[in-house]
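Below is one structure, written out as structure tokens, with a few remarks after it.
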Amino acid sequence: MPSPGRKSKPALQFLAVLLGATLLVYLVKRAGPGILLQSAKNIAWGMVLVIALAGFAHIVKTWAWRLALLGDAKRVSFWRTLGLRLVSEAIGQLGFVGLVFGESTRVALLGSGVPVASAISSVAMDRGLFIVAGAVVTITGILAAAFVVAFSGVLRVYAGIFVFAVVFLLGLAGLALHKGWPLFSKPARAVGRIPWFRGWINSKRAVIESSERQFLQFHRQAPAAFWLSVILNLASHVLAIAEVYLILHFLGAHVSLVGALILESLTKLINVIGSINPGNLGTYEGGNMVIGKVVGLSGAQGLTLGLCRRARAIFWAIVGAICLSWYSRSNGLVKPVHNAEIVPGVDLCS
């Protein structure tokens with residue numbers, strides 16, 4: 001019999017989506033449908049370039065992931081890994097739970113040619129490096145904003161605290177990697193002390209330890225691949241900054257590349273905060289309106305920026321859904337996600 005908590009969870013998610021949709025309708029009405037329609041006409045075919053730029057960013061991120069696969073990359077084609085990344089990104093549009101499920105799906109669908117331990121460690125490393133690169137971009141953008149934008153004294157203090165906290169966490173992550181701390185096995189052992197999970201954990205111990213070993217040794221065994229993966233992940237975030245600049249250029253907004261950097265860095269904070277809202281619907285667009293004012297955008301321009309990036313995400317999410325449907329029909333290539341050898345207690349998305 002389903003527990004009351006399980007019954008209420010879908011209801012809360014539906015309520016969050018409903019509130020987000022209501023907020024989005026309110027924002028569109030407040031900005032003015034006529035103004036937004038004119039902005040859409042200004043962009044017109046420019047959206048093709050925006051979508052193409054995002055596609056190139058997906059290729060760059062796929063290349064970075066394949067580097068984390070090391071020798072196992074030759075066992076799976078580039079186009080399959082690109083399709084799996086799009087599948088993961090599509091599912092990840094559903095918020096925090098979607099991110100976890102999307103990464104699990106990426107592992108499960110990688111194929112029997114790649115050992116499970118290698119699949120898990122590569123996805124964990126890929127997501128970790130992407131987040132670290134994003135944190136670097138966010139810090140850079142906030143520091144740039146502190147010098148370019150007229151922040152109040154209180155906001156400068158908050159910005160300083162945030163930057164210090166992120167730098168501290170990045171340093172802690174680097175120390176954990178350098179010292180080889182048991183990032184997978186220790187949490188798994190803690191979960192294994194619970195009677196209901198003890199048998200399952202014991203049966204997966206070899207996979208967990210192998211995944212952890214490969215994850216921790218990646219930067220030592222293949223330093224060139226590791227640093228190239230770091231550079232590619234940074235490049236993918238630079239492409240996101242270029243996307244912001246491109247959209248604003250078509251809108252006729254005179255925002256510099258530094259302004260685009262500031263907007264992108266603050267947008268990443270919105271994505272983190274809005275991860276509790278499935279799809280970040282409404283909160284993402286509203287956040288773009290607020291942060292747009294930091295660099296002198298009108299409310300309509302900020303909302304149009306958010307809607308354009310939402311449209312781009314939907315386009316590639318549809319492509320990801322098509323890829324998922326294709327892989328699901330392939331003979332013997334798909335394992336159900338709930339049977340995948342996923343390390344318990346480890347969030348691959350953080």
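The values are calculated or read from the model by the stated rules, or taken from the named source; none is laboratory data. Here the structure is a predicted model, which means the values were calculated and not measured. Ideal geometry is used to build each Cβ from the backbone, glycine not excepted, and the neighbour counts take in all protein chains shown.
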Query raised in the report: For the range 245-263, how many residues meet the condition of being in a helix (DSSP H, G or I) and farther than 19 Å from A146 by Cβ?
Result: 7
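Among L269, L303, which is the only one that is surrounded by 21 or more Cβ atoms within 10 Å (Cβ to Cβ) and either over 15 Å from E243 (Cβ atoms) or modelled with pLDDT of 85 or more (or both)?
Just one listed residue meets the conditions, L303.
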Query - Top-ranked residue of the range 170-204 - restricted to ones that are part of a loop (DSSP other than H, G, I, E, B) and not hydrophobic (A, V, I, L, M, F, W, C), ranked as modelled with the lowest pLDDT - result: K204
Query raised in the report: Can you spot a residue in the range 338-349 that is under 17 Å from the mean Cα position of the chain (by Cα), modelled with pLDDT under 70 and part of a helix (DSSP H, G or I)?
Result: no
Query raised in the report: Within the range 141-163, how many residues are modelled with pLDDT of 85 or more and surrounded by fewer than 18 Cβ atoms within 10 Å (Cβ to Cβ)?
Result: 2
